[in-house]
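J.: Sharing a structure, written as C-alpha cells. Questions coming.
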Amino acid sequence: MRSPRLRRNPPPATTAAAAAPAPDQFRPGDLVEVLPDEPGYRGAHFPASVTASHANPRGYTVAYDGSGCPLGEVVAASQLRPRPPDAPRGVPPAEHAVVDAFKGGAWWVGVALGGGRAAAGGRVAVCFPETREVVEFDAADVRPHLEWVAGEWLSPENMGISKTMPYKKGTQVEVAKLEGNSVVAWFSAAVEKAIWKNSLLVDYNCSKNDGSVLPKEIVDLKHIRPHPQHASAIIFCINDEVEGFQGNGWWLGVITDVHPEFRYTFKAAHSGKEIQLDQKALRLRYDWTHDQWQQVTQMIPGLFYMLLPTFHNNVTKKFAKGSKVEVTSNDDGFHGAWFQGTALKYVNNKILVEYDALKADDEITPLTEAIEVQHVRPCPPDIPVTSGFNLLDEVDACWNDGWWVGVISKVNSGDRYMVYFRSSTEETEFGHEQLRLHCDWVGGRWMRASLGLEA
C-alpha cells in the first residue's frame, strides 16, 4: 500500500516568528492515524505508528501499517490523531449513523444505510456522500466514527449539527447530477435532514424518465445549491451558456441556434445532443460560488446598444434614426412607467426622443426630449398570452399615455383584471388588450421574473 504522500524529509521550516514548539503529543511506537490533506483523501484515516518526532516545525515520521516502506513519511502534527478506542465489531450501525469503513488500507468516513438499501448477511451498506458511491462491507470492517477534539473522543451524536449548516429540514434546493467528477445537471429536491458536517439527506421532487420515483440520497454539501431566484431570460443569444429543462432536471448546455416564436436549439454539454426548446424551458446558467450567484456568461452592455433578435443570429447595433424605444423617468410620480417614442438622433450621451403619446405645451405637437442613455431601452418583445393572465403576474398596464408596471391582484370575468400599482398603492381594472407581461432590460437582454410580488 503506497502512502497518500511520500515525502522523505521534514516539511520546510516556518518563519522565525513561529511560536515555540509544544511538547510532543506522541512518542516513537505510539499507534496513530494519519489524516491526509491532499485531494482525493478527504475523510480517510490511515493507520500508522510513530517512528520519530520533530520539534520545529512540529511533526512526526510515521510508518503506515502494512506499507512495507522502511523509510517512513514525515507528516505535520495537525494531521495525526491517536487511534480511537476499540468498539464492538459486528454490531449493525443505526440507519444514517456516521461510520468509518476500512477500504484500501484506510478508514473512510461514510454514512450507514438502512431500509431498502441496507445490506444483508452480516454486511453493512455504506454511502460516501462526496462521491455518492454505495459499497457493502463486512460488519467487522465498519466501526462507529469518533472525532478527536481537545484531547477527548466525541461521537457525532454528541457533537450535534453545526449552526453554520445553511440548509434546514424542508429547504428547497437543487442537487447536482454527476458524471465522473463533472456536474451535468441539477435536480429539484427538499432537505430531509442534516446528518453531520457536510452531509445531507435529500428527497427529490421529481421522478425518473420511466416515471419511477428517484430514491432519497445522501449528498455532500458541495453538490447542493439553493433554488435559483434570479429572473429568467426572454431572449437568448447563440453561444449563451444556459441550463435546459429535460427529463425533470436542468441540464448544462449552450444555445447553438435561434428560431421563431422564442424557440432555441440547445446543445447538452455532457452528450453533445441538440434539441429545440421553448424559452420557458431555458434559463441562463448561474453558478453558486462563495454563497452567491455568479452568472457564467452574460452580454456586456455597450453604450447606446441594443440586442436585435433575428431568426438565425443575434447582432448588436446602435439605435438608428427611427428606432422605436421606451423611456422612463426618476421624477416623482413616474416610477415604474415607460413611455413609447422614436429615437431621432444620439448626441453627447443622450438620445433625442419624440414621444408617441406625450404632447408639447400646445397639446398638439409630439413632445421631444433629450434623454440620458440609461433611461432608454428598446421596446420589449411581444409575448403572446393566449390563456389569460394569472394572479400575481407582473404586468405592464397601458394607462396615462404609458406602460405602468403592476401586479395582477384579482382575475375578473370577461378577460378583465385588477392591477395593483406598488408605486402609488392604487388598484385599477384593465382589459386583456391593455396589459402585457412585464420585462426588464438587463445587461443587453430581456429578463422576466416569475412572480410580481417577489421582493
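J.: Arranged by the count of other C-beta atoms within 10 angstrom, fewest first, what order do TRP153, TRP196 take?
T.: Least crowded to most crowded, the residues run TRP153, TRP196.
J.: In terms of modelled amide H atoms, which long-range or inter-chain residues lie less than 5 Å from the amide H of ASP30?
T.: Amide H to amide H, under 5 Å and 5 or more residues apart or across chains, ASP30 pairs with VAL50.
J.: If packing is taken as the mean number of other Cβ atoms within 10 Å per residue, what is the order of 123-130, 350-357, highest first?
T.: Most protected by this proxy first, the peptides run 123-130, 350-357.
J.: On to the next question. Can you tell me the length gained on complete extension of the stretch LYS350 to GLU152, counting 0.36 nm per residue apart and subtracting the Cα distance?
T.: 64.2 nm
J.: Excluding residues on the same chain fewer than 8 positions from LYS103, give the lysines whose Cα lies under 23 Å from its Cα.
T.: Within the straight-line cut-off, LYS103 pairs with LYS197.
J.: Sticking with this structure for a sec: Between ASP415 and ARG89, what length comes free when the chain is fully extended (0.36 nm per residue of separation minus the Cα-Cα distance, one decimal in nm)?
T.: 110.2 nm
J.: Residue-wise, which Karplus ³J(HN,Hα) couplings in Hz belong to segment 396-410, taking 6.51 cos²θ - 1.76 cosθ + 1.60, θ = phi - 60°, and x for glycine or proline?
T.: My calculation for segment 396-410 gives 10, 10, 6, 7, 6, 6, x, 9, 10, 6, x, 10, 5, 9, 7 Hz in order.
J.: May I pose another question? Fewest Cβ neighbours within 10 Å first, please rank ILE408, ILE238 accordingly.
T.: Final ranking by Cβ density, sparse to dense: ILE238, ILE408.
J.: Also, I was wondering about something else. Which ³J(HN,Hα) values in Hz, rounded to whole numbers, follow from the phi angles of segment 367-380 under the Karplus curve 6.51 cos²θ - 1.76 cosθ + 1.60, where θ = phi - 60° and Gly and Pro get x?
T.: Ordered by residue, 3J(HN,Hα) equals 5, 10, 9, 8, 10, 4, 4, 5, 9, 10, 9, x, 5, x Hz.
J.: Order the peptides 198-205, 25-32 from the highest to the lowest mean number of other Cβ atoms within 10 Å of their residues.
T.: 198-205, 25-32
J.: Taking amide hydrogens as modeled 1.01 Å from N in the peptide plane, which residues meet the under 5 Å criterion relative to VAL99, leaving out close sequence neighbours?
T.: Hits under the 5 Å cutoff: GLY110, VAL111, ALA112, HIS145.
J.: When ranked by the protection proxy of mean other Cβ atoms within 10 Å per residue, highest first, what sequence do the peptides 185-195, 169-179, 268-278, 215-225 form?
T.: Listed from highest to lowest mean packing, they are 185-195, 215-225, 169-179, 268-278.
J.: Cα centroid distance between segment 377-428 and segment 159-235, in Å?
T.: Between the Cα centre of segment 377-428 and that of segment 159-235, the gap is 35 Å.
J.: Now for a different question. Sticking with the crude label model, points 7 Å out along Cα→Cβ, report the distance from ILE364 to LEU178 in nm, one decimal please.
T.: Those two pseudo-labels are separated by 7.6 nm.
J.: Under the Karplus relation 6.51 cos²θ - 1.76 cosθ + 1.60, θ = phi - 60°, what is the ordered set of whole-Hz ³J(HN,Hα) values for segment 238-251, x standing for Gly and Pro?
T.: Along segment 238-251, the couplings run 4, 6, 4, 7, 9, 10, x, 8, 8, x, 6, x, 9, 9 Hz.
J.: Mind giving me the nanometre distance, one decimal, between the label points for THR265 and ASN400, set 7 Å out from Cα along Cα→Cβ?
T.: Computed distance between label sites THR265 and ASN400 equals 4.8 nm.
Read-outs: derived from the displayed coordinates by stated rules, not from any lab. Keep in mind that what you see is a predicted model, and the values were worked out from it rather than measured. Neighbour counts are summed over all protein chains in view; Cβ atoms, including those assigned to glycine, are modelled from backbone coordinates with ideal geometry.
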